[in-house]
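Below is one structure, written out as structure tokens, with a few remarks after it.
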Amino acid sequence: MESVFRTPQVHVIGEIVGAKGFTSSKLYGKYEFRVGESWRLLAGKPAGETFYDSSENSEGLAVFEQPFDL
């Protein structure tokens, strides 16, 4: 019988909602996902940027709503 070695996979799905507590009212975010030497990225983008948003609302929250799926 043939032995098949199968590796586990980890799926990361989420969203960068926003940012709060910064002195600037115009914000954007940069993000990067890093893995160890024993891991490899099968699909998705490991890094990116959100768009600019203004935190000039009543809560002082800059809304990004940037999805990611790795």
Filtering segment 57-70 for residues that are out of contact with any Lys or Arg (no Cβ under 7 Å at 6 or more places or on another chain) and within 25 Å of Val12 (Cα to Cα) leaves a count of 9
Among the candidates Phe51, Phe64, Phe68, which residue alone is in a loop (DSSP other than H, G, I, E, B) and among the aromatic types (Phe, Trp, Tyr)?
Phe51
Pairs where the first residue, in segment 37-51, is more than 21 Å from Ala19 (Cβ to Cβ) and the second is among the β-branched types (Val, Ile, Thr), C-beta under 7 Å, 6+ apart:
Leu41/Val35
Restricting attention to segment 11-54, which residues are touching a Gly at 6+ places or on another chain (Cβ under 8 Å) and among the small types (Gly, Ala, Ser)?
Ala19, Gly21
Within the bounds of segment 20-33, is there any residue that is part of a strand (DSSP E or B) and touching a residue at least 40 places away in the same chain (Cβ under 8 Å)?
yes
When residues of segment 15-47 are limited to those that are among the aliphatic types (A, V, I, L, M) and over 18 Å from Leu61 (Cβ atoms), the one modelled with the highest pLDDT:
Ala47
Of residues in segment 25-56 being surrounded by 11 or more Cβ atoms within 10 Å (Cβ to Cβ) and small (Gly, Ala, Ser), the one nearest to Val10 (Cα to Cα):
Gly44
For segment 1-14: of the residues being of a type in the set (A, V, I, L, M) and either assigned to a loop (DSSP other than H, G, I, E, B) or surrounded by 10 or more Cβ atoms within 10 Å (Cβ to Cβ) (or both), which is modelled with the highest pLDDT?
Val12
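The values are calculated or read from the model by the stated rules, or taken from the named source; none is laboratory data. Keep in mind it's a predicted model, so treat the numbers as computed, not measured. Note: ideal-geometry Cβ built from the backbone for every residue, glycine included; neighbour counts use all protein chains shown.
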